[in-house]
Amino acid sequence: MKQFRIALFFIASLFTGLTSIGHAGGHLPDLVETAVKGGKFKTLVTAVEAAGLVETLKGKGPFTVFAPTDEAFAKIDSATLTDLLKPENKDKLAAILTYHVVAGKVMSSDIKGDMEAPTVNGKSLSIKLMGGKVMINDATVVVPDVNADNGVIHIIDLSLIHISEPTRPERIGGGGVLVEKKKGGGGGGGGGGG
């Protein structure tokens, strides 16, 4: 449960839509506060609350959140969103939200070629540079590197909605969050989801 809470907090932070948020006394707001103040992440914040992840995302971190805006969520069928927000779908919603969160702080300058990043959900995201833009799966990072006290938010133009059976991460760790993809044939040994 703690891992789900941390992941949702990061997702809320990514929805801020701002490259910087005013901070008093040099102290940055946390990921959730950043998302709320951003004003473009009402759907994300609602989802984080419904999944019970607010306190987790206010935790120490650091986390990297790929935050879809309200416009990005508007591209998803409204019936699907309404269904996901129901209490009986809390685990499924948490799994989707944690797919938007990577343990550790990954800045856009850390992206080199084609890479993968394991999410808090347990599945990996594809991260690559295309035409000078950072792509997360099929989403484009429209505003990179929104710093928060406990991590960083990258604002994306699509939700990374990945509806499948929910997975519960065993732990959230830091360290080498990005792994370069090997070019050429065959599997890479690791196998990902678990």
> Want the number for LYS60 to LYS86: 0.36 nm per residue separation, take away the alpha-carbon distance, what's left?
Replying inline: 6.5 nm
> So what J values fall out for segment 124-138 if you push phi through Karplus, 6.51 cos²θ - 1.76 cosθ + 1.60 with θ = phi - 60°, rounded to Hz, Gly and Pro as x?
Replying inline: 9, 9, 8, 10, 8, 9, 9, x, x, 10, 8, 10, 10, 6, 9
>> Using a 1.4 Å probe on the protein heavy atoms, what percent of the accessible area of segment 24-73 belongs to carbon and sulfur?
In response: 55 percent
> Roughly how many nanometres apart are two label points built 7 Å out from the Cα toward the Cβ at ILE76 and THR140?
Replying inline: 2.1 nm
>> With θ taken as phi - 60° and the coefficients 6.51, -1.76 and 1.60, list the Karplus ³J(HN,Hα) couplings across segment 83-92 in order, rounded to whole Hz; mark glycine and proline as x.
In response: 5, 5, 7, 6, x, 5, 10, 4, 5, 5
>> Under the 0.36 nm per residue contour assumption, what length would be gained going from the current alpha-carbon distance of GLU49 and SER109 to full extension?
In response: 18.5 nm
> Count the lysine pairs in segment 52-156 that are 8 or more places apart or on different chains: how many have C-alpha atoms under 15 angstrom apart?
Replying inline: 5
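The values are calculated or read from the model by the stated rules, or taken from the named source; none is laboratory data. Source: prediction; values computed, not measured. Neighbour counts run over all protein chains shown; Cβ positions are idealised from the backbone, glycine included. Ligands, DNA and RNA are excluded from the accessible area calculation, which covers all protein heavy atoms including side chains. Shrake-Rupley method; radii C 1.70, N 1.55, O 1.52, S 1.80 Å.
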